[in-house]
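Heads up, the thing below is written out as structure tokens.
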Amino acid sequence: MDSATSKLIFRLYWLLTFGLLVAVTAMMAFWTPREETMGDVQKIFYIHLPTAISTFVVCFVVFVASVMYLLQRRSWWDDVALAAAKVAVLLASIVLLTGMIWGRSAWGHWWTWSPRLTFSLILWLLYVVYLMIRPSIESSQRRALICAVYGVIAFMDVPLVYLSVKLLPDIHPSSIQLSPDMRTTLLAWFVPMTMLVVGLTFTSFKINRLHRAISEPMEEEVEEPRLVPAGGSA
Amino acid sequence: MNRAIRHIALLTLKDLRIEARGRQTIGLVVVLAILIVVVLALGLGPGSGSSGLSATAILWVAYLFGGVLIFEKTMAVERYDDALAGLLLAPIDRGSIFAAKLIANLVLMFTLALVVTPVGIMFFQFDLSVAPGGFALVMAISMIGYAAIGTLFAALTSSTRLAGGLLAMLVFPVTLPVVLVSTRVLANLFEHNVSIGGSGLAILIAFDVMFLTASWLVFEIVLEA
């Protein structure tokens, strides 16, 4: 595929994504019925849930890319993990903000230490740290290795965080009754959200590759030298 | 198996002997931890730490910061004069090196806890006599998981410019579930007399098993990079 065709596909993809985002936003605002108890604030839920699920998916991408980096030591995987981590932080921030707006309306406080809000905060912290530590490590290979190990450990930590926050007292609704129209809107939101996440991750990955090509033009994809462990082959 | 145990014992004793001769790490860490407890005691005011939740949370702050210094120092010993290269050339399994570092770190962590916990109890008038065994068990299980993560990341960050700061950044968010669970379990034990068994203890053990295994598996890659 030549450069002009790929640029055209890229533009069409983003055009379609934004078109769908506008459509589902209009659907949510004008077509979906208003919830009786919460009022208009309940409509945050249509953004909140798809974003929360997408956050887990991109965190899983960070994990897979980190494992692949540890196995293959190719900078390509480090760039994938970095791209996914950036999107994970963005999505986790949206989950936190929408959760806080919901909480303010439902409970009268911007922040409560409810299990789900606490879980979102710890998840956000885990992946913000992933991004923050990168500039402080000079060697690119060392940086990729530290981040790959951290990417694996952070994802393994997620179920433990989920279980541990359940020990906190909960005031968060465990399930929400949705009418068929509301359910349709919720399902519809998953389409542009998924496209947005894929598009952002891919774009971020391309930027990471370009950045690496500029900052490390002479770097070659060579596996790091390994010492032979005692009594066996490497 | 016996060979591996012998290697682990030798390496652990080597680290502890270095510490016993210099006494640089433990002295520094104990003073730092006491300072943290004093600062919190003065900041929060009298009687603020008498509940199980506050006292264990305050002690955890001291253990966390003290722990980071311990992990950093025990690994830094291997970087001086390129001692790590010699260790890697020796016919010793990388897993044994991890186990030895972990045990040495745990010994130092327990020593820190032995000194700092009575200080915290005294300053905060926290009544440990309700369940001293439960307190020791929960803290010991929590510290094993914390030390496993700390040992792994200390090996990763020891050759970087910001070793200590970076280590704290990496270890603290990952350890949050341990702090959360252990403080909750101990609060239930001291305030409501609820047994420490159950989901809380299971999460702590799961944390230990998961991160001991993961650290053991990844340590070889980390050391040789």
Unmet requirement for A:Gly103, which otherwise passes all of (1) at pLDDT below 90; (2) closer than 18 Å to A:Arg134 by Cα: (2)
Per-region count, region A:90-106, residues surrounded by fewer than 22 Cβ atoms within 10 Å (Cβ to Cβ) and under 21 Å from the mean Cα position of the chain (by Cα): 9
Candidate set: region B:101-127, residues that are part of a helix (DSSP H, G or I) and touching a Ser or Thr at 6+ places or on another chain (Cβ under 8 Å); chosen: the one modelled with the lowest pLDDT: B:Phe124
Which listed residue is of a type outside the set (A, V, I, L, M, F, W, C) and in contact (Cβ under 8 Å) with a residue 12 or more places away in the chain, from A:Ser136, A:Ser179: A:Ser179
Residue in region B:49-60 that is at pLDDT 85 or above, more than 14 Å from every other protein chain (Cβ to nearest Cβ) and over 13 Å from the mean Cα position of the chain (by Cα) present: yes
Residue among A:Ala65, A:Ala23 that alone is more than 18 Å from the chain's Cα centre (by Cα), of a type in the set (A, V, I, L, M) and over 21 Å from A:Leu121 (Cα atoms): A:Ala23
Within region A:63-74, considering residues that are more than 14 Å from chain B (Cβ to nearest Cβ) and part of a helix (DSSP H, G or I), the one surrounded by the most Cβ atoms within 10 Å (Cβ to Cβ): A:Ala65
Residue check for B:Ile92: outside any helix (DSSP H, G or I) and either more than 10 Å from the chain's Cα centre (by Cα) or of a type in the set (Ser, Thr, Tyr) (or both): yes
Among the residues listed as B:Leu186, B:Leu176, the single one being free of Cβ contacts under 8 Å to residues at least 40 places away in the same chain, out of contact with any Leu (no Cβ under 7 Å at 6 or more places or on another chain), assigned to a helix (DSSP H, G or I) and within 12 Å of chain A (Cβ to nearest Cβ): B:Leu176
Only listed residue being at pLDDT below 80 and in a helix (DSSP H, G or I), chosen from B:Leu204, B:Leu223: B:Leu223
Qualifying positions in region B:103-121 - aliphatic (A, V, I, L, M) and either at positive phi or in contact (Cβ under 8 Å) with a residue 60 or more places away in the chain (or both): B:Ile103, B:Ala104, B:Val107, B:Leu108, B:Leu112, B:Val115, B:Val116, B:Val119, B:Ile121
Exclusive hit being surrounded by 21 or more Cβ atoms within 10 Å (Cβ to Cβ) and modelled with pLDDT of 90 or more, set A:Val87, A:Val128: A:Val87
Selection from region B:15-49 of residues that are closer than 30 Å to B:Ser96 by Cα, touching a residue at least 40 places away in the same chain (Cβ under 8 Å) and part of a helix (DSSP H, G or I): B:Asp15, B:Leu16, B:Ile18, B:Glu19, B:Thr25, B:Ile26, B:Leu28, B:Val29, B:Val30, B:Ala33
Any hit, region A:120-129, residues being more than 10 Å from every other protein chain (Cβ to nearest Cβ), farther than 22 Å from A:Leu71 by Cβ and within 21 Å of the chain's Cα centre (by Cα): yes
Test: A:Pro33 is out of contact with any Lys or Arg (no Cβ under 7 Å at 6 or more places or on another chain), modelled with pLDDT under 95 and not in a helix (DSSP H, G or I): yes
Failed item, numbered, when A:His109 is tested on (1) surrounded by fewer than 16 Cβ atoms within 10 Å (Cβ to Cβ); (2) within 12 Å of another protein chain (Cβ to nearest Cβ); (3) over 16 Å from the mean Cα position of the chain (by Cα): (2)
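The values are calculated or read from the model by the stated rules, or taken from the named source; none is laboratory data. These numbers come from a predicted model, not from an experiment. For neighbour counting, all protein chains shown are included, and Cβ atoms are generated from backbone atoms with ideal geometry for every residue, glycine included.
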